[in-house]
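Undergrad: So that we are looking at the same thing, I have put the structure below in structure tokens.
Coordinate-derived values only; no laboratory data. Source: prediction; values computed, not measured. When we count neighbours, we look across all protein chains shown, and the Cβ atoms used for this are built from the backbone with ideal geometry, even at glycine.
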Amino acid sequence: MDKNHSRFILEENNDEFQFGKSKSNIDIKFNRIAFIFFVFFIISLIYSIHLAHLGARKSDTKISNQPKITNLIKRADIIDVNGTFLAKTVSSIDIGINPVEIIDQKKLLINLRYIFPNKNYEIVKSNIEKKKFFWFEKKISEENYEKLMKLGDKSIKPEEKIRRLYPQKNLFSHIIGRIDDDNIGISGLEKSLDEQLKNNDTSIQLSVDKDIQFLVREELLKYNKIFKTLGSAAILMNVNNGEIISIVSLPDFDPNQRNTITDVNYINRATKGVYELGSVFKTFTLAAALNEKTVKPETEFKNLKKSIKCGRNTISEYDNKIPSNLTAEQILIRSGNIGSVRIGQSVGLKDYKKFLNNLNLINPINFDIEEVGLPVSFNWGKCKLATVSYGHGITTTILQLANAYSIIANGGYQIHPTLIKTNQNLKRERLLKKDVSNKINSILRKIVTLKEGTASLANVKGYEVGGKTGTAQKSAIGGYSKDKINTFVSIFPISKPKYSLVVMLDEPKINSEYIYHYRDGSGIKYKGTPFNTAGWTSVEVAGQIIEKIGPILATKYKEIN
């Protein structure tokens, strides 16, 4: 063979053949290739390590000079029925300082003082001396952020954060609620809808109306001063689907401030506060009797006493001028106590309790926020039936009151109060017999229009207002105080009910200088509050509210002709 070719050898060994190569030249070449490969591998490894080190240094530099994104958990916006923002998520930058990385403290403080002249630099110096990281400026402006970054100081640490803004400030504070620094809802809808808000890509629309909410709140604020109340609340509800258009509780707060509120006076009086509400319960008593067919509106009750005994307690008529002979209708119009007891007794304990339970008045009510009060439980008996019949010794919330009146007004159909705009056709379950609503609504209208009624100040021309007043003493340890809860529930327009409006004043006082204007077109005026009753306080506020919001309801919702 040619000497440049490998030699092949065929050997014979024990009758077995072996096929092999000559190793002389090929081993030398293989060793050279392996050595060269090893050298290149070492060089590549060193170069890769160096590149990784440089990359890490660049990455560190970028992190130290750019906002560190630590809390970009999304949270859906909350809007009102018209698309107005009630809660909105935005990003902002907070500036912190790490004292251990300060190279020239004097130079840094001079630069900071130039950009932020109004800071207290004694506090800043104190924080620096502690040698611990601290926040220097929250929600920094874009202009000042650029100035800080140009300083190139490694001790300055920007951090991007998600912030929740409440553009309407106090207006919806009790129902929207707040979140904490970790983007977790801690009250209101922010808490009850926490997971939905975090996982929803679109805004959550409520049924409330910002314009109407503003007007209702303004009137409550005004009359809180006039009647020197401890607080107040109002709910405007669509009687046919339970959607809440406005819900206000005063005093309120600005959720943007994130202050810790411990004063119990800031309770949500519309949903959380539990009260004895007095004569507004007389409507339920008559409705129960009509539903059970134990009385008719024209049923006569004769020889009604001015007071009766129940156990060791005496039940008295609130006004001795009330006639002794009245029909069931007249008892409600004049708000008679003894007559209401008689009507309640005709229904009976079992059926009356069931009726109140069906209206969701005496048990906890499901609602969109967790801040809902629990009516005080009690033992039923003959005397309790008597007192509950005229609204004494029984508690509920303003929310439950508005819901129950809405059911009575809408034809007797079950509804569930809600703050969420659903746009769904509800399957309506009838709770009351067909004719109960028409009979009660007619009487509620007479309470406002007739001279002997208790709510003539709410007779706003053009809106067909009907309603019922309730004046109750506040419960106290061992009995009752002289302080009052004055409430008025109105339904309008009564011929085709669309809205229920509840106005509650907590501890109102009379005002000797206030001038009342009757709204029926008569032009009658009256100076000074003669009695601290709902007819002279809550009714006046409701009349003012209906005058303000009526045109908006007629224009926006086309519900009132």
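Undergrad: Return the long-range amide H neighbours of K484 (sequence gap of 5 or more, or a different chain), with a cut-off of under 5 Å between placed amide H atoms.
TA: K474, E507
Undergrad: Which one, G479, I156, S324, projects farthest toward the positive side of the charge dipole computed for the chain from Cβ point charges (K/R +1, D/E -1)?
TA: S324
Undergrad: By counting other Cβ atoms within 10 Å of each Cβ, how are H392, H416 ranked from fewest to most?
TA: Exposure proxy ranking, most exposed first: H416, H392.
Undergrad: Could you sort out which of K302/K461; K282/K427; K353/K461; K321/K525; K282/K350 sit more than 26 Å apart by Cα distance in this structure?
TA: Among K302/K461; K282/K427; K353/K461; K321/K525; K282/K350, the Cα-Cα distance tops 26 Å for K302/K461; K282/K427; K353/K461.
Undergrad: Here is a follow-up. Below 15 angstrom from the Cβ of D506, what's the summed charge of the other residues (Lys, Arg +1; Asp, Glu -1)?
TA: Summing Lys/Arg as +1 and Asp/Glu as -1 gives +3.
Undergrad: Taking the Cα centre of segment 78-205 as the origin and placing charges on Cβ (Lys, Arg +1; Asp, Glu -1), which of I103, L171, N183 is farthest toward the positive end of the dipole?
TA: After comparing all options, I get I103.
Undergrad: Looking only at the chain, where both bridge partners belong to it, what percent of the DSSP beta bridges are antiparallel (to the nearest 5)?
TA: Antiparallel bridges make up about 90 percent of those DSSP assigns within the chain.
Undergrad: Let me ask another. Would you please state which residues of segment 190-223 a label at K556 would reach in this model, taking the label point 7 Å out along Cα→Cβ and a backbone N cut-off of under 11 Å?
TA: Once the point is set 7 Å along Cα→Cβ of K556, 207-216 turn out to lie under 11 Å by backbone N, inside segment 190-223.
Undergrad: Peptides 122-128, 92-98, 260-266: what's the order by average Cβ count within 10 Å, highest mean first?
TA: So the peptides 122-128, 92-98, 260-266, ranked by packing, come out 92-98, 122-128, 260-266.
Undergrad: Under 9 Å from the Cβ of G231, count the other residues' Cβ atoms, weight Lys and Arg +1, Asp and Glu -1, and hand me the total.
TA: -1
Undergrad: Take L374 and N313, extend 7 Å from each Cα along the Cα→Cβ direction, and tell me the distance between the two endpoints in nm.
TA: About 2.2 nm separates the two model spin labels.
Undergrad: Would you mind checking which residues have amide H under 5 Å from I186's amide H? H placed 1.01 Å from N; only 5 or more apart, or other chain.
TA: Those lying under 5 Å, H to H, from I186 are R178, I179, D180, K191.
Undergrad: Here is a further query. Calculate, in nm to one decimal, what D182 and E298 gain on full extension: separation in residues at 0.36 nm each, minus their alpha carbon distance.
TA: Working it through step by step, the gained length comes to 35.5 nm.
Undergrad: Using helices alone, what [θ] at 222 nm do you get for the chain, with -39,500 (n - 2.57) per DSSP H run of 4 or more residues, divided over all residues and rounded to the nearest 500?
TA: Numbers: 16 runs with 192 residues, N = 561.
So the calculated ellipticity at 222 nm is -10500 deg cm²/dmol.
Undergrad: Another one. Rounding to the nearest 20 debye, state how big the charge dipole of segment 78-205 is about its Cα centre with +1 on each Lys and Arg Cβ and -1 on each Asp and Glu Cβ.
TA: Roughly 560 debye, rounded to the nearest 20.
Undergrad: If contacts are Cα pairs under 8 angstrom and at least 6 residues apart, what is the relative contact order of segment 78-205 in percent?
TA: Result for segment 78-205 is 36 percent.
Undergrad: Count charges around S481 for me, please; just the other residues with Cβ under 13 Å from its Cβ, Lys/Arg as +1, Asp/Glu as -1.
TA: Neighbourhood net charge equals -1.
Undergrad: By per-residue mean of other Cβ atoms within 10 Å, what is the highest-first order of 203-209, 115-121, 455-461, 85-91?
TA: Order by mean packing, descending: 455-461, 203-209, 85-91, 115-121.
Undergrad: Right, something else. Given q = 0.10, 0.18, 0.20 Å⁻¹, what are the Debye log10 I(q)/I(0) values for segment 78-205, with equal point scatterers placed on the Cα positions and solvent ignored?
TA: Results for segment 78-205 at q = 0.10, 0.18, 0.20 Å⁻¹ read -0.46, -0.92, -1.03.
Undergrad: Assigning unit charges at the beta carbon (Lys, Arg +1; Asp, Glu -1) and nothing else, what dipole magnitude in debye, to the nearest 20, does segment 174-294 show about its Cα centre?
TA: Numbers: 13 positive and 17 negative charges, 130 e Å.
Using only the charged Cβ atoms, the result is roughly 620 debye.
Undergrad: Here is a follow-up. Which value, in debye to the nearest 20, gives the size of the charge dipole of the chain about its Cα centre, when Lys and Arg are +1 and Asp and Glu are -1 at the Cβ?
TA: Values: 82 positive and 59 negative charges, 346 e Å.
So the magnitude is around 1660 debye.
Undergrad: Please report the relative contact order for the chain, taking Cα pairs under 8 Å with a sequence separation of at least 6, and give it as a percent rounded to a whole number. Can you show the working numbers first?
TA: Working: 1074 pairs, mean separation 74.2, N = 561.
Over the chain, the number comes to 13 percent.
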